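Below is one structure; the comments refer to it alone.
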Amino acid sequence: MPVIYPDSDAFIRETDKAPALGILVCEKNALPPFAESRFIRKLGEHGSRQGLSVFAFAPWTWNPADGTVQGWRFEPSLLKWQREAHPLPALVYDRSWPANESEKRKYRQALRKLNSARRLAHLNGPLPGKAAVQLALAGDERLSPYLPPTRLYEGTDSFLRWLTRNRGAAFLKPAAGSQGRRVVAVRRKADGSVSLRGRLADNRAFSCDCADFHEAAARIGRWIGGREYVMQPLLDLRNAKDEPFDIRALVQKNGKGRWALTGTAIRRGQAETVTANLHGGGTAEPAQAALASMFGGEKAVMLLEEIRECCLHVVCTLEQCYGRFAELGLDFGVDRSGRLWFLEANSKPGRAAMECFGEAVARTAAGRPVSYARHILFRSPGRVIHEFDHL
């Protein structure tokens, strides 16, 4: 769905309210009252410094009678979150994390109801499934060499054919998944048995062996059920300690409406696991030093420049296909030969990987969505600028 931005002056006249940024959340009966409360508190602090009202709200709190929602702000003087009615904001930033399918349905239904009455302007829009994104990116000849072959899982027969084409190894992940959950790596062992290693829905690691491919295919088919999955080759993305690693590049628009590379971090997982995601117990460190220790200083510099160029091409292509974005988390892998691969794009990136750079970068990562929101709300819309600012 394309991201829709308001014409600033017209939108403010229409609402007759001071512009505000609303943070979409799934409210819960607990304190803090929603996920990512620390990050959302930082967004509010940045808003206060920049003269922009920022508050969090769940879409099901909307009252159509007076057009208000029940919004949360952190009150520093009281050191607690306070809830009060706010006019529906001019712009929203989705940081909702539904805990289960029931909450996901509740959230989507409430958002549809709100949108049917008055279409919300989104700071950052969603991406479609991973297969669709890979197909869109493959249309750019500059990106196609970096994309691993990707196919939709269409049952056990398609999986067995994929294994045959890829030397008895494969990596399967949910088409709409995040945080490394419900992935599985498949590899044929020397004795003909098949190893399955992956992560469950709660991000716990698992491993098991099957007698052969047919047993593995049947087990995976039951596990996937009706979910949409994609299949890729099992790339060798491990360091000398056999730890899986990937590279997270956080790209964000700044207060000038220009793309900027906020930071590039290596995420390392635990040996014998299949993902490097921080939610699964991984750790993060600045990419340049980590890459230099693995591939040498000269190769590290080359890889980081290659990543920077790829980031620019990816954001260009995704905005042309799906509308404007405020930020994206772009994940890369480097195999043992030093070849760079683009793994996936995340339209709701976390901030944990950026904390390895220290307070200044972490503060920038949290502040840029607010700066860009202010740029949208207080300035007339201009052309899309597909360039990186110098950092």
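The values are calculated or read from the model by the stated rules, or taken from the named source; none is laboratory data. On a predicted model such as this, the values are computed, not experimentally measured, just so you know. Here Cβ is always computed from backbone atoms with ideal geometry, including for glycine, and neighbour counts include all displayed protein chains.
Per-structure values
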read-out	value
Where ASP242 falls short, out of the listed (1) assigned by TED's automatic domain parsing to the domain that holds GLN270; (2) modelled with pLDDT under 95; (3) part of a strand (DSSP E or B)	(3)
Top-ranked residue in segment 195-218 [being over 20 Å from ALA176 (Cβ atoms) and among the polar types (S, T, N, Q); ranked as surrounded by the fewest Cβ atoms within 10 Å (Cβ to Cβ)]	SER207
Per-region count, segment 237-266, residues more than 19 Å from the chain's Cα centre (by Cα) and in contact (Cβ under 8 Å) with a residue 60 or more places away in the chain	6
Candidate set: segment 289-303, residues that are in contact (Cβ under 8 Å) with a residue 24 or more places away in the chain and surrounded by fewer than 20 Cβ atoms within 10 Å (Cβ to Cβ); chosen: the one nearest to PHE357 (Cα to Cα)	MET294
Scope segment 150-187; condition over 14 Å from LEU235 (Cβ atoms), surrounded by fewer than 17 Cβ atoms within 10 Å (Cβ to Cβ) and modelled with pLDDT of 90 or more; matching residues	LEU152, GLU154, GLY155, ASP157, SER158, LEU160, ARG161, THR164, ARG165, GLY168
Cβ-Cβ under 8 Å pairs, at least 6 apart or on other chains, segment 72-85 side closer than 15 Å to LEU43 by Cα and in the same structural domain as ALA58 (by TED's automatic domain parsing), far side in a loop (DSSP other than H, G, I, E, B) and among the aromatic types (Phe, Trp, Tyr)	TRP72/PHE34
Strands (runs of 3 or more DSSP E) contained in segment 45-108 and holding at least 3 residues closer than 23 Å to SER347 by Cα	53-57, 91-94
Some residue of segment 138-145 being on the phi < 0 side of the Ramachandran plot, modelled with pLDDT of 95 or more, among the hydroxyl-bearing types (Ser, Thr, Tyr) and outside any loop (DSSP other than H, G, I, E, B)	no
Matching residues in segment 161-196 - criterion: being part of a helix (DSSP H, G or I) and either under 23 Å from ASN277 (Cβ atoms) or touching a residue at least 24 places away in the same chain (Cβ under 8 Å) (or both)	TRP162, LEU163
Exclusive hit being in contact (Cβ under 8 Å) with a residue 60 or more places away in the chain and in the same structural domain as PRO89 (by TED's automatic domain parsing), set VAL69, VAL54	VAL54
Some residue of segment 72-89 being modelled with pLDDT of 90 or more and closer than 26 Å to GLY177 by Cα	no
For LEU234: the one exception among (1) surrounded by 15 or more Cβ atoms within 10 Å (Cβ to Cβ); (2) without any contact (Cβ under 8 Å) to a residue 24 or more places away in the chain; (3) not in a strand (DSSP E or B)	(2)
Residue match in segment 308-321 (condition: within 27 Å of ASP94 (Cα to Cα) and free of Cβ contacts under 8 Å to residues at least 60 places away in the same chain)	yes
Residue check, ILE376 modelled with pLDDT under 90 and of a type in the set (Val, Ile, Thr)	no
Answer from GLU215, GLU228, GLU141 - the residue that is more than 23 Å from the chain's Cα centre (by Cα), more than 29 Å from PHE295 (Cα to Cα) and of a type in the set (Asp, Glu)	GLU215
Criterion: closer than 26 Å to VAL314 by Cβ and either assigned by TED's automatic domain parsing to the domain that holds HIS313 or among the hydrophobic types (A, V, I, L, M, F, W, C) (or both) - qualifying residue of LEU200, LEU147, LEU163	LEU147
